[in-house]
Every structure is written in structure tokens, then in C-alpha cells.
Amino acid sequence: MEAVVLERQKELTIRDIELDEPLGPHDVRVALRTVGVCGSDVHYYEWGAIGPYVVREPMVLGHEASGRVVEVGSEVTHLKVGDRVCMEPGIPDPNSRATRLGLYNLDPAVRFWATPPVHGILRPTVVHPEAFTFKLPDNVSYEEGAMVEPLAVGMHGANKARIRPGDVAVVSGAGPIGMLQALAALAGGCSQVIMSDVVQPKLDLAASLGPITPVNAAKESLKDVVMDLTDGWGADIVFECSGNQKAAESVFEPLCPGGCVVLVGIPGQPFGFDVTKSQAKEARVESVFRYAHVYPRAIALIASGQLNVKPLITDTFSFAESVQAFEYAAHMPSTSVKVQIEVAKD
Ligand code: ZN
């Protein structure tokens, strides 16, 4: 089948690739419709690796996907041919200890699309377990369906924070994950989000999404703004979504005593934080690796109209333009958030 293949670092082609995918009894075959370009896809394209994950063989990119069911296995019960769906890209071993404990995102044997050596889904069809394939309500588009994957990260972050109604949250980093983290925090009950970044157009967009106060960290102090808005108490939750060393070093500054820091952004280079600053506030520090158990809730929030991901979909390319889409995403203008590729029309 014709796929978007990363041959090696910086070399991306659209070409035929042999992908033999038998349909198991609990699987569905999905014809892909919309695929989002993720920071990780772009990172593999530019660098050929993310930490220990190195692209050694040609690999199909893409993991944020929606599509339509075209074939179902003999034991499939909740999906049928024609259903519009989105898919969770990680398939854990159902018998692993992590999976049995409910921590399936942490299963060391998880097979995650477009994480070497597992192929991604920038291609016409994929076979996927029914258990990780979710029906889209009629009022949720394929474009929105392909946003469920990055939104799931924010949903998981919101769960980890254990938000209480009315909490004030800080989100540092206004990239796609930061934006979706802010939306998930608001949907989870936060009364307001204070969002910091150094790129003004991203902050302007963030401010249009809801009760979100933008803070340009190049011009003003995040801590000062937060203290101002909270009578000097601090934010209940700080979501670190920038992966930026400087931002992460000061992560406890805007936090209230007894507050929670959630580490969401994956740093390009390892960095540490000051334990004594954490102790002084008895901060609870949580971390996020992908997500688990949040897809149905993310889809329900989009369908209900309580959470709108559409303003974040800023650029769409056709499948034939996939290579341009990656070049564009690698040098994205500051007004862009999420690039999507339309693999096929319905
Ligand atoms: Zn992603």
C-alpha cells in the first residue's frame, strides 16, 4: 500500500510498502481519513530518533488518526462496517502486569504507532484491536477525531492533577499539548488557566479559547501575574507543558502551598528541578506518559460542545502533500498549532 515512509533522518517519501496485516477475530480494519502531525513525528523526521527510540528501518509515520471501519473480525461486538472511529495508537500486551494493574500505557511491551520499529498510520488502511477503536458521534468530525489523541494527553494530565472545581491552573508552554492541557483543565473544573509562553501569536490564540490569561514570559513574570490573580496565594496546579529547562526550573514559583505540579512536556534534554523548592510547598509532583482510559471521556467532551478543539486545527494538507506537510510542521509559523493530513475523503 502507498504510505508516508521515513526512510532515514530527513528523508521522507510517499511510496509503496508491503504491510501484511491479517484481521484477527477481535480486530477491525479501518480506512484512514484524517491524521494529525505530531511533534514526535516531526522529531523523527528531523533527527531520526527520540531518546532511545531510533529509526533503523524505513518506518511509516503518524499516530493521531480517525477513519472509517471497512472490515470487522468474527468476534467484534461493538463496531460495524461503516462506523466512523478514532483509534488509540498504543496496543499493550493484555496479559502484562502493567495492563492488569490498569497502567497499560506503562506496559514495557506496548506497541505504539510510529515509535520504532512499529509502523504508523499515514497510509490507506490499518488493522487495529476493537478495544482501542472508538466510535465517533455523528456531530464529531474526522478532523476533531484525529485531535482526540493529543487531547488524551491533557485529559490524563487533568486526571493526574486531581482537579477540584474552581482550581486555578497554570499551563507553561502554548504548543498543541499546552493548549489541549488548558482545555482539559477547564473541562475538568478549573475556574481559570494562566498560560505562559514567549510566542505572542500562540498566547493570543490561547486567550481566545476560554477563561485563559496569557502571560508573555519574555516580557512579564509568570509568578507576579499568578500571585496578582490569586491574592498572593498561588495556583493550585502547574502543568509543565513546555519541556523547556528554564520554565521547568521555576515550576514551583507560581504554585500555592500544597499544590500539584504535573510534568507533561517531554524535555529535549534531561533536566532536574530543585527538590527543596518542592519540599517548601509540600508540592505533589505527578508525571504523565501518554494516557490511559481517557478516550471515551475526551470524545464525550468534544461531542457535548464543552470542549472545542477546532480552533487549534490551523493547517490541512492532502495525502499527496504529506512531505510538504512535514516540512511545514518542522518550520511552523507562530500562528499555526496543529497540522493535519487528509489521507482520504469520505
Ligand atoms: Zn501525538
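No value in this document is a laboratory result; all are computed from the given coordinates. Given the structure is predicted, the values throughout are model-derived calculations rather than measurements. FYI the Cβ positions are ideal-geometry reconstructions off the backbone, even for glycines, and counts take in every protein chain you see.
Relative to a virtual label point 7 Å from the Cα of Asn139 in the Cα→beta-carbon direction, which members of region 286-326 show backbone nitrogen distances below 19 Å?
Residues passing the 19 Å test: 296-312.
For region 102-112, in order, what is each residue's ³J(HN,Hα) by Karplus, 6.51 cos²θ - 1.76 cosθ + 1.60 with θ = phi - 60°, in whole Hz (x at glycine and Pro)?
Here the 3J(HN,Hα) series is x, 9, 5, 5, 9, 5, x, 9, 4, 9, 10 Hz.
Defining a contact as two alpha carbons under 8 Å apart and six or more residues distant in sequence, what relative contact order in percent does region 157-287 show? If you can, show how the numbers build up before the last one.
Values: 275 pairs, mean separation 31.2, N = 131.
RCO, region 157-287: 24 percent.
Could you state the number of Å between the C-alpha centres of region 283-345 and region 103-137?
Between the Cα centres of region 103-137 and region 283-345 lies a distance of 16 Å.
Gain in length, Trp47 to Arg15, computed as 0.36 nm per residue apart minus the alpha-carbon separation, to one decimal in nm?
Residue separation times 0.36 nm, minus the Cα-Cα distance, leaves 9.4 nm.
Let me see the pair-distance distribution of region 80-186: every alpha carbon pair, 10 Å bin width, integer percents in order.
So the P(r) values, bin by bin, are 12, 35, 37, 14, 1.
For Lys310, list the aspartates and glutamates whose Cα falls under 16 Å from its own Cα; do not include residues on the same chain fewer than 8 positions away.
Glu64, Asp138, Glu143, Glu144, Glu149, Asp204, Glu342
For the chain, give me the percentage of DSSP beta bridges that are antiparallel, rounded to the nearest 5 percent. Kindly include the intermediate steps, with their values, before the conclusion.
On the way: 35 of 63 bridges.
In the chain, DSSP labels about 55 percent of beta bridges as antiparallel.
Suppose R0 equals 45 Å. What FRET efficiency, 1/(1 + (r/R0)^6) with r the Cβ-Cβ distance, do Asn308 and Ala109 give to the nearest 0.05? It would help to have the intermediate numbers written out before the result.
On the way: r = 36 Å, r/R0 = 0.80.
That gives a FRET efficiency of 0.80.
What dipole magnitude, in Debye to the nearest 20, does the chain give about its Cα centre under +1 on Lys/Arg Cβ and -1 on Asp/Glu Cβ?
Numbers: 29 positive and 42 negative charges, 118 e Å.
Using Cβ point charges on Lys, Arg, Asp and Glu, the chain gives about 560 debye.
Once you place label points 7 Å from the Cα toward the Cβ at Ser74 and Gln200, how far apart are they in nm?
With each label placed 7 Å out from Cα toward Cβ, I get 6.5 nm.
Quick one: Lys246, Lys277, Lys345, Lys202, fewest Cβ neighbours within 10 Å first, how do they rank? List each step's numbers first, then the result.
Numbers: Lys246 11, Lys277 15, Lys345 8, Lys202 23.
With the sparsest Cβ surroundings first, the list reads Lys345, Lys246, Lys277, Lys202.
For Ile313, what charge total do you get from the other residues with a beta carbon under 15 Å from its beta carbon, if Lys and Arg give +1 and Asp and Glu give -1?
Values: positive: Arg33, Lys202, Lys310, Lys338; negative: Glu64, Glu143, Glu144, Glu149, Asp315, Glu342.
Overall, the nearby charge balance is -2.
Using the Kirkwood radius built from alpha carbon pairs, what does the Stokes-Einstein equation give as D for the chain at 20 °C and 1.002 mPa s, in µm² per second?
Numbers: Rh = 20.6 Å.
The estimated diffusion coefficient comes to 104 µm²/s.
Could you state the number of Å between the C-alpha centres of region 223-279 and region 1-79?
With region 1-79 and region 223-279 each reduced to a Cα centre, they are spaced 35 Å.
From the phi of every residue in region 338-345, what ³J(HN,Hα) in whole Hz does the Karplus formula 6.51 cos²θ - 1.76 cosθ + 1.60 yield, where θ is phi - 60° and glycine or proline is x?
Each residue of region 338-345 in turn: 10, 9, 10, 10, 8, 5, 8, 8 Hz.
Hey, rough spin-label estimate for Ser208 and Val127, points 7 angstrom out along Cα→Cβ, what's it come to in nanometres?
4.5 nm
Over region 157-287, what lengths in whole Å, largest first, do the semi-axes of the equivalent ellipsoid take, defined as the square roots of 5 times the eigenvalues of the alpha-carbon gyration tensor?
19, 17, 14
Kindly flag which residue pairs out of Lys223/Lys338; Lys135/Lys345; Lys202/Lys246 have an alpha-carbon separation exceeding 26 Å in this structure.
Details: Lys223/Lys338 29 Å; Lys135/Lys345 18 Å; Lys202/Lys246 19 Å.
Pairs exceeding the cut-off: Lys223/Lys338.
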